[in-house]
Structure formats: C-alpha cells, structure tokens
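Structure first, then comments.
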Amino acid sequence: LRDSFVPRAVKQNQRSICCVRPQASSYKVAILGAAGGIGQPLSLLIKMSPLVSALHLYDIANVKGVAADISHCNTPSQVLDFTGASELANCLKGVDVVVIPAGVPRKPGMTRDDLFNINASIVKSLVEAVADNCPEAFIHIISNPVNSTVPIAAEVLKQKGVYDPKKLFGVTTLDVVRANTFVAQKKNLKLIDVDVPVVGGHAGITILPLLSKTKPSVSFTNEEVEELTVRIQNAGTEVVEAKAGAGSATLSMAYAAARFVESSLRALDGDADVYECAFIQSELTELPFFASRVKMGKKGIEAVISADLQGLTEYEAKALEALKPELKASIEKGVAFANKQP
Ligand code: NAI
C-alpha cells in the first residue's frame with residue numbers, strides 16, 4: 001500500500017531510511033465521518049497501514065457495523081467505534097492524526113460552496129472537540145468547501161488558543177492524484193513516475209495544476225495545457241455527474257486521503273523526505289491560505305516549496321491571478337462564519 005502511494009523519485013530518497021527503521025505500529029488515527037462514502041473505504045485503507053496502532057472510527061450513525069467489519073482484517077491496528085457527540089471526546093483522546101470527511105457531498109448542479117451552510121457547522125463543532133481533546137494532532141480537513149472549512153478550523157483553533165498552522169491541512173491530494181493520472185494517460189508515461197504539483201485551492205478555477213513543473217520533465221502544447229487544466233479542475237464534477245445524484249468522489253478520495261495520512265505518519269515517524277501538496281495557512285501569495293507543496297516533518301509543515309511558483313508559464317501566471325478573487329472570498333466567508341456570534 002505504502003509503495004503504491006509514493007512516486008518513485010520520492011521513494012528512492014526514502015528507501016535508505018525505511019530499511020533501517022523497524023515498522024513500529026504506534027500511531028493513533030481518528031476518522032470523523034467514518035460511516036460515509038469516503039469514510040468507509042478510507043478506514044479500510046488506513047487499517048492496512050503498518051504504522052497505525054489504533055483506528056478510531058466516529059460518526060453520528062452506522063459506525064458500529066463499519067468498525068466490526070474492518071476489525072476482522074488481520075493487520076496490527078485495533079479498531080474502536082464511537083457514535084454521537086457524547087463519545088467524541090473519547091474518540092479523540094491521544095490521537096496523532098484526525099481526518100475529517102464528515103458532511104454532505106455534492107449532487108449534480110451543485111458547487112462545493114453550495115455545501116457551506118451544512119458543512120461549516122459540522123466542521124466547526126468537530127474541530128472544537130479536536131481542540132479540547134487532541135490539540136497536538138495533525139488535522140486533515142476533507143469536508144467541502146475546503147477553501148472555507150480550513151479557515152473555519154483555523155479560527156476555531158485560535159479561539160481555543162491551540163492553533164498551530166503547521167498542523168492544519170486541507171486535503172487537496174485528490175487534485176494531485178487526478179493530475180498525475182490524466183498527464184500520464186495523455187503522455188503515455190508510467191504512472192509511478194509522474195508528479196504534478198497542484199496549487200491554489202480546491203474548487204473549480206482555484207485548482208491550478210502547474211503542468212510546467214511536471215516530473216519527469218514533459219512538454220505540452222497550448223491545447224493540451226488547456227484541456228488537461230480544465231479536466232483536472234472539473235474532475236470532481238465529472239464524478240458527481242456520473243454518479244447522477246448518488247454523491248461525489250468517494251473511492252478515489254479515500255485513496256488520496258489514505259496517501260496523505262500515510263505521508264503524515266511517515267513524517268511523524270521521522271522520514272526525512274515527505275512532500276505533499278495541501279491547502280494551508282501560507283505566505284506564498286497575498287492570500288492567507290493557499291495550496292502548495294510542503295515538506296512535512298514530525299512537527300507538521302517544515303517548509304513551503306516556494307520554487308513551484310517561480311518561473312510560471314504565461315498561462316499559469318494568468319490562471320494564478322484569476323483564481324485569487326474567488327479563493328479570497330471563500331477564505332473570508334469561512335473566517336466570518338467562525339467569528340459570528342452564536
Ligand atoms: P457521505 O454523505 O457519504 O458521508 C458523510 C458522513 O458524515 C456520513 O456518514 C454522515 O453520517 C457523517 N456526518 C454528518 N454529520 C456529522 C457530524 N456532525 N459528525 C460526524 N459525522 C457526521 O459524504 P462523502 O461522500 O463521504 O463526502 C464527505 C465530504 O467530503 C463532503 O463534504 C464532500 O464534499 C467532501 N469531499 C471532499 C473532497 C476533497 O478532495 N477534499 C473530495 C470528495 C468529497
């Protein structure tokens with residue numbers, strides 16, 4: 001599982017470290033919204049990780065059966081289930097990584113922002129509990145609109161006096177996974193080799209794949225850049241429409257989120273070369289939050305990779321400017337929501 005998540009270039013750097021370190025299964029991971037379309041396959045994938053000692057599955061309903069089912073897999077982690085707000089604190093105590101896919105998904109015709117009214121409150125209340133029970137944990141926000149829910153989480157953590165911007169991540173890994181897949185298909189490359197940084201945010205035009213920074217180095221015509229960029233930006237909608245009312249991306253999202261969890265655990269475990277894209281508090285642009293590649297370590301984000309934004313093509317530079325007003329508005333909407341009086 002672990003090998004399949006990591007591009008080859010990254011793996012080669014890590015191999016020497018991985019070989020000498022015994023694979024102790026010592027980390028606790030909580031999934032909030034574990035009975036949902038993303039939560040279930042994500043729980044299964046995380047159950048396969050050798051680095052996890054305990055998997056805490058939380059939802060407002062239907063999580064007992066999911067936990068019973070997954071607990072029969074003969075991998076090291078112990079699986080525990082927690083139902084409803086009264087069990088949330090116990091779910092979170094002592095946890096190293098909290099993953100939040102709780103909330104409603106899109107239906108055809110909806111934008112991610114249409115989910116704001118419901119998901120903003122869900123994320124706010126869950127992050128309050130995280131602040132109270134495991135303030136040191138890495139927090140992975142999957143619930144949409146990520147461009148607003150991450151700023152909400154930051155404000156909640158600030159209000160509770162426990163905000164560490166190095167440990168709060170909006171999960172944009174699916175944009176990278178999609179970009180890697182579509183570019184490899186288009187250019188007949190081996191998937192394992194391809195790595196495309198995706199920056200900006202996680203909705204429509206705010207998703208900006210930097211195709212000029214693709215590894216291995218590959219050239220694209222203007223038409224290919226336009227076609228790939230638009231497909232990557234609309235890939236979520238492609239799935240929403242294909243599912244025709246039955247939800248949004250769940251399986252590929254679970255795969256992407258499991259990769260991000262695995263990267264976080266490797267970082268916590270001391271691996272020195274862990275790089276992922278994520279939507280984070282940022283000084284890379286004038287916007288307070290921005291998705292970019294980061295280097296992850298034991299204490300969270302160790303460095304933001306600013307080089308990706310240097311030497312952009314004209315197309316990318318224009319797209320970067322074009323996304324800023326929408327991303328700014330989504331961030332401000334989240335901040336305003338978190339700070340409004342109850
Ligand atoms: P789903 O409806 O299948 O599952 C959501 C789960 O959250 C349900 O089990 C529900 O009971 C639970 N839930 C609702 N309120 C809760 C609360 N207060 N506490 C704990 N659990 C609660 O939805 P699905 O498909 O799993 O999507 C979840 C979220 O992930 C959506 O907001 C969706 O837009 C987002 N998403 C994000 C992506 C990304 O790239 N970041 C990609 C795809 C989806």
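List every residue pair whose Cβ atoms sit under 6 Å apart, with the two residues 6 or more apart in sequence or on different chains, where the first one lies in the range 58-72 and is within 16 Å of residue 126 (Cα to Cα) and the second, anywhere, is within 12 Å of the ligand (Cβ to nearest atom) and assigned to a helix (DSSP H, G or I).
58/91
Results for (1) at pLDDT 95 or above; (2) in a helix (DSSP H, G or I); (3) closer than 15 Å to residue 201 by Cα, shown as yes or no for each residue.
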{"position": "278", "(1), (2), (3)": "yes, no, yes"}
{"position": "290", "(1), (2), (3)": "yes, no, yes"}
{"position": "293", "(1), (2), (3)": "yes, no, yes"}
{"position": "321", "(1), (2), (3)": "yes, yes, yes"}
{"position": "324", "(1), (2), (3)": "yes, yes, yes"}
{"position": "332", "(1), (2), (3)": "yes, yes, yes"}
{"position": "337", "(1), (2), (3)": "yes, yes, no"}
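Any idea which of 171, 183, 176 is among the β-branched types (Val, Ile, Thr) and closer than 19 Å to residue 288 by Cβ?
So the residue among 171, 183, 176 that is among the β-branched types (Val, Ile, Thr) and closer than 19 Å to residue 288 by Cβ is 171.
Just checking, which of 123, 130 is under 23 Å from residue 173 (Cβ atoms), within 14 Å of the ligand (Cβ to nearest atom), in a helix (DSSP H, G or I) and touching a Ser or Thr at 6+ places or on another chain (Cβ under 9 Å)?
None of the others qualify; the one that does is 123.
Filter the range 48-66 for residues that are within 12 Å of the ligand (Cβ to nearest atom) and in a loop (DSSP other than H, G, I, E, B); which is surrounded by the fewest Cβ atoms within 10 Å (Cβ to Cβ)?
Ranking the candidates gives 61 first.
As an exercise: evaluate residue 296 against (1) crowded, with 18+ Cβ neighbours inside 10 Å; (2) touching a helix residue (DSSP H, G or I) at 6+ places or on another chain (Cβ under 7 Å); (3) farther than 16 Å from residue 168 by Cβ; (4) among the aliphatic types (A, V, I, L, M) and give the number of the one condition it does not meet.
It fails just one condition, (3).
Six or more apart or on different chains, Cβ under 8 Å: which pairs go from a residue in the range 103-116 that's more than 6 Å from the ligand (Cβ to nearest atom) to one that's of a type in the set (A, V, I, L, M) and not in a helix (DSSP H, G or I)? Could you list them?
108/244; 111/203; 112/203; 113/203
How about the range 160-212: which of its residues are over 20 Å from residue 223 (Cα atoms), surrounded by fewer than 22 Cβ atoms within 10 Å (Cβ to Cβ) and among the aromatic types (Phe, Trp, Tyr)?
163
Name, by its number, the condition in (1) aromatic (Phe, Trp, Tyr); (2) over 19 Å from residue 281 (Cβ atoms); (3) under 16 Å from the mean Cα position of the chain (by Cα) that does not hold for residue 169.
Tallying (1) aromatic (Phe, Trp, Tyr); (2) over 19 Å from residue 281 (Cβ atoms); (3) under 16 Å from the mean Cα position of the chain (by Cα), residue 169 fails exactly one: (2).
Are any residues in the range 126-159 more than 16 Å from the chain's Cα centre (by Cα) and aliphatic (A, V, I, L, M), and if so, which ones?
Passing the criteria: 126, 129, 130, 131, 156, 157.
If you take the residues of the range 133-159 that are of a type in the set (S, T, N, Q) and part of a helix (DSSP H, G or I), which of them is nearest to the ligand (Cβ to nearest atom)?
149
Name the residues in the range 69-97 that are within 16 Å of the ligand (Cβ to nearest atom) and outside any strand (DSSP E or B), would you?
69, 70, 84, 85, 86, 87, 88, 89, 90, 91, 92, 95, listed by residue number.
From the list 321, 283, which one is in contact with a Phe, Trp or Tyr (Cβ under 9 Å, 6 or more places away or on another chain), on the phi < 0 side of the Ramachandran plot and surrounded by fewer than 14 Cβ atoms within 10 Å (Cβ to Cβ)?
Residue meeting the stated conditions: 283.
The values are calculated or read from the model by the stated rules, or taken from the named source; none is laboratory data. Only a predicted model underlies this, so the values are computations on that prediction, with no experimental measurement involved. In this analysis, Cβ positions are derived from the backbone assuming ideal geometry, glycine residues included, and neighbour counts consider all displayed protein chains.
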